[in-house]
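See structure below.
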Amino acid sequence: MTLTRQSSFQARDDENKPAGSGSLYLVATPIGNLEDMTFRAVRTLQECDIIAAEDTRQTRKLLSHFEITPNLLFSYHEHNKAASGPELIRYIIEGKNLALVSDAGLPAISDPGADLVALAINAGIPVIPIPGANAALSALISSGLPTTTFTFAGFLPRERKDIRTVLSSLRSAQGTLLFYESPHRILKTLAHLQEAFGNRRIVLARELTKRYEEFVRGTIEECNAWLLEHPPIGEYVIVLEGESKEEAEVAESAWWRQLSIEEHLAHYEASDITRKEAMKKVASDRGVAKREIYNTLLPKD
Ligand code: SAM
């Protein structure tokens, strides 16, 4: 990797920038409440030559609210990013300033924006953030859970096996965990969280900055019961308490800590018990469901 330096202050005459090129502006938009649009975001969208948006219909509504008439509104999303990304980069190299927006909040968070940023950096194009609303951080700061260290996990994958793998890897993450979730999957996700982490404290942050903004704080079981009585509607961030000091100490001092699951299992199998019993012991040591151990040991294709 070659070290590169970008000074946004001097972005217009940055020495690394291809001659005559424009810049890529990452413009935050509100996550519900239009008053969260910043003055700088409005000005940047007014001044840029091109606005690239995840959903152009959605963005048109926002632009018309702020009386911004885009010179060119370009679609950039998960399904066209392979073709659209390089095309946008060409425009910037030709001298156009481009603003990237997502449907809501910060672009490049749980959307394909990060790919465009990587392309821009590779091409020597200055990347300039225009910060603003973000659902995960708004949920975190109002959760009441520790904010010193946290891990943003975004959306969980769809497949049960993949969910388990991701959650298992998050068991060693430090601090509070943040997930995005849709209302129709939230109950299932709570079940997965409980299976992976036990009955920890969580906060369901719903419809942030909107009229029906709500925070439900309790254990996973309590929040699950709440959702059964109050069917989920709207957008959610799940904030999950991190590993407690006691849990961390127990895990840290565990004799099997340095072993892989295979080595851990081999240890028990050597003591003349069945594989099924050995898996049960491994699962119990690690505080996870037996199925999770079984899935990890399945041959990978
Ligand atoms: N770029 C956005 C950001 O900076 O927060 C996130 C976009 S992601 C595609 C959409 C997810 O963010 C939703 O499914 C939901 O989990 C979360 N989200 C967005 N707006 C929200 C809101 N107003 N209240 C709660 N969660 C929200």
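Note that segment 8-133 presents 52 Å² accessible area per residue, ligands and nucleic acids not counted, probe 1.4 Å.
Maximal additional length on extending the THR165-HIS267 stretch stands at 34.5 nm, based on 0.36 nm per residue less the C-alpha distance. Across the chain, Cα-Cα pairs farther apart than 23 Å form 64% of the total. Length available on full extension from GLU78 to ARG60: 0.36 nm per residue minus the Cα-Cα distance, which gives 4.6 nm.
Put one equal scatterer on each alpha carbon of segment 8-133, apply the Debye formula with no solvent term, and list log10 I(q)/I(0) at q = 0.17, 0.19, 0.20, 0.22 1/Å to two decimals. Result of the Debye calculation: -0.79, -0.99, -1.10, -1.33. The GNM of the chain, with springs linking C-alpha atoms under 10 angstrom apart, assigns the highest mean-square fluctuation among GLU241, GLU207, GLU263 to GLU263.
Across THR29, THR69, THR176, mean-square fluctuation computed from a Gaussian network of the chain (C-alpha pairs under 10 Å connected) peaks at THR69. Split the accessible area of segment 211-253 by element, probe 1.4 Å, and carbon with sulfur accounts for 51%. Number of Lys-Lys pairs in the chain with C-alpha atoms under 12 Å apart and a separation of 8 or more places or on different chains: 4. When the alpha carbon gyration tensor of segment 136-245 is reduced to an equivalent ellipsoid, its three semi-axes come out at 19, 17, 13 angstrom, largest first. Can you tell me which of GLY20, GLY85, GLY105 moves the most in a GNM of the chain? Springs connect C-alpha atoms under 10 Å apart. Greatest mean-square fluctuation among the candidates belongs to GLY20. Between ALA289 and ALA118, take the C-beta separation as r, use R0 = 30 Å, and let me know the FRET efficiency to the nearest 0.05. That pair, ALA289 with ALA118, gives E of 0.25.
According to the Cα-based calculation, Rg over Rh for segment 255-301 is 0.94, with Rh computed by the Kirkwood formula. Note on LYS276 and LYS210: the model spin-label points, each 7 Å out from Cα along the C-beta direction, lie 4.8 nm apart. Translational diffusion coefficient of segment 219-298 (Stokes-Einstein, Kirkwood radius from Cα pairs, 37 °C, 0.692 mPa s): 214 µm²/s.
The values are calculated or read from the model by the stated rules, or taken from the named source; none is laboratory data. For clarity, every value in this text was computed on a predicted model and none was experimentally measured. Virtual Cβ from ideal backbone geometry, glycine too; neighbours counted across all protein chains shown. Quick note on the areas: whole protein, heavy atoms, side chains included, nothing else; ligands and nucleic acids left out. Shrake-Rupley method; radii C 1.70, N 1.55, O 1.52, S 1.80 Å.
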